[in-house]
Amino acid sequence: LDFWRLLYALLKQIHGGKWTESDAIDNQIRFVKSALWYHGYGRPELYRLPSDGSAGSRELLLAFSWLLHRISLLEQLLARNRVKTGDETSACTCEDDLPNSHKSTTEIAPECGLEDRVDVRYLQWLNGRLRFQWRSLHAQHQEQCKLLHKIHLFTSGSHMDQILGHLSVTETDLVRQPENYKQLLQLLESETMQLEAFLEWKQLEPVYWQWMETVLDNMAEEGNMCESQDAHVEKSRLPKVTASCPWANSLTGKIDRLSRDLMTLRDQLHKLVTHRKAAWCEKVKTREEELQKEGFSATARKIQESVELKLLDLTYLCAPRKNKMHGSCRLVFRSKHRASKMGFNRSVSKEPVSAVSATEVIRELQMREASLERELKQLQEECRQRLDEIAEGLDGVICISP
């Protein structure tokens with residue numbers, strides 16, 4: 001139970017949710033299984049564990065170690081619990097690797113929540129609700145940007161660091177309410193203790209992984225022993241019956257005759273299947289030649305469209321990836337007047353090397369958006385053609401495209 005609660009608390013923090021110790025243990029276990037499935041954990045033994053938390057300590061240990069290695073669990077926790085004294089925003093201009101890293105994860109989906117079929121109207125309602133919440137979030141983000149711009153503009157020239165030149169929201173709040181510095185100091189001390197613990201863990205981490213190798217070896221040996229015992233039981237089952245039953249000889253003879261008959265039938269079926277398969281392949285080959293002659297122009301048109309789409313993406317794919325960003329970045333206000341003034345004073349060299357302007361990020365995201373839109377249109381066209389092919393094979397059904 002303690003291990004389930006630990007994983008529940010850690011994964012809740014990773015996914016940005018609130019958690020309390022009063023949550024029911026079955027809800028905690030269900031959330032842990034769903035989160036592990038979302039991240040692509042592929043060991044089915046974990047999803048077969050009971051929902052009361054009465055078993056599975058070693059499986060939970062393996063899942064915890066997998067999280068440490070696969071998603072950098074501790075690093076993500078440190079990043080989320082970091083005390084943010086500056087105004088930051090999240091930016092990502094790198095490629096999305098989720099389709100490659102989460103292949104075939106639907107085959108190991110947890111059993112919870114998949115027993116009953118979901119109504120399509122409920123999914124449509126969820127989609128509409130998600131779109132509404134997304135628009136609300138976007139509006140709130142725009143309002144936050146406007147307020148941050150006001151703070152940065154009004155506090156320009158108040159910061160000791162000339163590169164920043166303005167105060168952040170936290171620093172502005174400390175100026176207005178100096179008594180809050182004690183709370184900020186406690187948070188910084190707590191973060192320092194977490195960083196010290198993380199450094200100690202990095203020193204002892206090789207010992208942990210050596211221990212995990214022994215755990216995996218023991219599990220592999222136990223699995224091989226169980227398989228050998230099952231095979232031994234299957235092999236020794238018939239001789240025991242033969243030795244203890246007086247009519248075993250006649251029964252064995254009947255089994256042998258049945259086995260010979262089955263082998264003969266199998267050979268005949270194999271010959272029949274081979275003959276029919278050859279005839280069917282010949283028919284399919286003839287039909288393919290006919291279709292190639294009929295649909296040559298359509299095939300050529302599809303190939304031409306695909307080549308055009310790839311040529312459109314060629315500029316984006318071959319562009320240099322110098323300003324790839326991922327994670328949180330500090331927002332620094334830069335006005336045109338101040339930038340030109342800094343250029344005359346030759347103080348631009350103090351600018352950090354990793355600084356990226358908002359226009360560059362917007363341009364990169366716009367190029368990525370255009371590429372994704374072209375890919376979406378291509379996939380929609382393929383789905384439409386596939387639906388048309390399916391509709392042609394339905395007798396007595398009229399399909400009207402939207």
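The values are calculated or read from the model by the stated rules, or taken from the named source; none is laboratory data. Quick caveat: nothing in here was measured; it's all calculated off a predicted structure. In this analysis, Cβ positions are derived from the backbone assuming ideal geometry, glycine residues included, and neighbour counts consider all displayed protein chains. Side chains included, ligands, DNA and RNA excluded: accessible areas come from the protein's heavy atoms. Shrake-Rupley method; radii C 1.70, N 1.55, O 1.52, S 1.80 Å.
Just a few scattered comments:
- Once the C-beta distance of residue 144 and residue 220 is scaled by a Förster radius of 51 Å, the resulting FRET efficiency is 0.45 to the nearest 0.05.
- Cβ-derived FRET efficiency at R0 30 Å, residue 326 paired with residue 57, nearest 0.05: 0.25
- Cβ-based net charge around residue 264, under 15 Å, with every Lys or Arg adding one and every Asp or Glu removing one: +1
- Of the peptides 369-382, 30-43, 261-274, 68-81, the ranking by mean beta-carbon count within 10 Å, highest at the top, reads 30-43, 68-81, 369-382, 261-274.
- Sites residue 208 and residue 15, calculated FRET efficiency, Cβ-Cβ separation with R0 25 Å, nearest 0.05: 0.50
- Neighbours of residue 277 by Cβ distance under 15 Å: Lys/Arg scored +1, Asp/Glu scored -1, total +3.
- Accessible area per residue, Å², segment 142-204 with all protein chains present, probe 1.4 Å: 78
- Residue 88 long-range amide H proximity, modeled H, under 5 Å: 331
- Per residue accessible area of segment 1-81, 1.4 Å probe, in Å²: 52
- Pairs beyond 29 Å (Cα-Cα), from 18/84; 12/84; 33/202; 277/377; 12/150: 277/377; 12/150
- Principal axis extents of the Cα atoms in segment 1-81, from largest to smallest and rounded to whole angstrom, are 33, 28, 19.
- When the solvent-accessible area of segment 1-81 is split by element, carbon and sulfur atoms take up 52 percent of it, the probe being 1.4 Å.
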